[in-house]
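Scroll down for the structure; my scribbles are underneath it.
The values are calculated or read from the model by the stated rules, or taken from the named source; none is laboratory data. What you see is a predicted model; the values in this text were computed from it and never measured. Cβ: placed from backbone, ideal geometry, glycine included. Neighbour counts: every protein chain shown. All accessible areas refer to the heavy atoms of the entire protein, side chains included, with ligands and DNA or RNA removed. Shrake-Rupley method; radii C 1.70, N 1.55, O 1.52, S 1.80 Å.
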Amino acid sequence: MKRVNVAIVGYGVVGNGVAKVLTEKKDLLAKKSQVDINLKKVYTRNWNKEFTFPLPEEKRAKSLDEILKDPDIDIVVELTGGIDFPLYLMKEAINRGKHIVSANKALLAEKGKEIFTLAEEKGIRIGFEAAVAGGIPIIRALREGLVANTINRIYGILNGTTNFILTKMLKEGRDFKEVLQEAQRLGYAEADPTLDINGTDAAHKIAILSSLSFGGFIDFSRVYIEGIQDISTLDVELGRELGYTLKLLAIAKNHNDKVEVRVHPTFLPSEHPLSKVDGVFNAVMVEGDCVGESMFYGKGAGSLPTASSVVSDIVDIAKSIALGVGREIEITSMNWAHREFVPMANTDFQTRYYLRFTVPDITGILAKVSQVFAKYQISIAAVIQKEKVLSIAKETQDKVVPLVILTHTASELNVQKAIKEIEDKRITVEKTRLIRVEDEEK
Ligand code: HSE
């Protein structure tokens, strides 16, 4: 049986999981793949820590060169996080003819063009199943299982940490900070959890899925991103009354000449399958012209779910090395239409909106708001005004209450103009809250 040597760089939550699976399931993997996959070395900057899967001394590399300069190492598994160091590592490894497996969505989304172009030149494979949606094999599904389809829409819940936080906050009334700490303890969050909370992590993942679905690199700097940091329970409750559930949704749509790639808190109809995806679970909906709508569901973060995907890439590359055909060029499937996409600005979005105005409870307010809506051709689908008093206006002593308007599909540019006009005219007393709604018109 041919032996393929693997090295891991970065020995954190996922690295420990990958080493555990490669070690404890060595025989099973050999039976399934007919390759002897050998974990030869692991490198981390600091070996003086506690590990969930401690390694024997002979597997602990003291320097990166022990891996990069070892001609017997066939596959380098990059599990370091960040951008600069892994970019250097990958380029060095590619230039030395080593295949790559990476879970680094930030790197692939932001520097994908550079890495895949170099890999293509050198005939190197890059596996990145673990970069998107943890244990869900969505990359392979798009590349292989759904290859017959033209995909014009792909969307889903792509960040386990924020879905875990939203679920615990909304269903158990738990405190944001406390739940975030739990997500960190469980190994779900990024080393810098602001990337989870502010939507960047989900944006990296939807950019990668967009590339695979639409066939082009995405200019990541133009992806529209909003996180969950400003979510208020009042909006969640009012949305629920209107029949919606709040999720941090990543959405990609191909309009042929333009793509829409965006991440933001989104109201989904409560009966929508994604509304039922809770905790650390992720789910991806893919709309293919042959298959229709398909949903992929599973754990989106954590040591072993992510290791499951990393190992799938290791086995896949090891098999092709063993068979001597290991030079498939991944760029052809990441950028198969040979395009580069600049995602559209949010002012070009056309969707439905939940708008919460904070207004004095006096005669004529609703009429004033609807006049502005009419001016900007925004059609109202539903209105709720609550008697719940949020505060008392200082000057007039009027009760201040929430006024919620759900719109039909409207232009975001017009919605923003309407909000500005309503705020400038001081019809409202606080900043308006806007949450996009992903719902077909009934
Ligand atoms: N921090 C990420 C998440 C890990 O919570 O989804 C998986 O990419």
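At a glance:
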item	result
Counting DSSP beta bridges with both ends in the chain, the antiparallel % (nearest 5)	65
With at most 11 other Cβ atoms within 10 Å, longest stretch of the chain clear of loop GluC sites (Glu not before Pro) (DSSP)	51-270
Solvent-accessible heavy-atom area per residue, rounded to whole Å², over the chain at 1.4 Å	44
Alpha-carbon centroid distance for the pair segment 282-301 / segment 118-168, whole angstrom	10
Segment 63-160: trypsin sites (Lys or Arg not before Pro) falling in loop per DSSP and having at most 13 other Cβ within 10 Å	Lys69
Which listed pairs, of Lys177/Lys276; Lys25/Lys98; Lys41/Lys177; Lys105/Lys319, have C-alpha distances above 27 Å, in listed order	Lys41/Lys177
Kyte-Doolittle at least 0.5, axis length at least 27 Å by Cα - qualifying DSSP helices, the chain	303-323
Given charges at Cβ of Lys, Arg, Asp, Glu: the chain dipole, positive-most of Val101, Ser221, Phe128	Val101
Average Cα contact separation per residue, the chain, under 8 Å, 6 or more apart, as relative contact order %	17
Candidates per trypsin sites (Lys or Arg not before Pro) in segment 255-308, loop by DSSP, up to 15 other Cβ within 10 Å	Lys258
Accessible surface of the chain [probe 1.4 Å, protein heavy atoms]: carbon and sulfur percent	50
Across Lys20/Lys253; Lys40/Lys122; Lys258/Lys299; Lys253/Lys425; Lys368/Lys394, pairs whose alpha-carbon gap is larger than 27 Å	Lys20/Lys253; Lys258/Lys299; Lys253/Lys425
Mean separation of Cα contacts under 8 Å (6+ apart) over length of segment 146-299, as relative contact order %	35
Dimensions in Å of the chain - Rg and Dmax from alpha carbons	24.3, 84
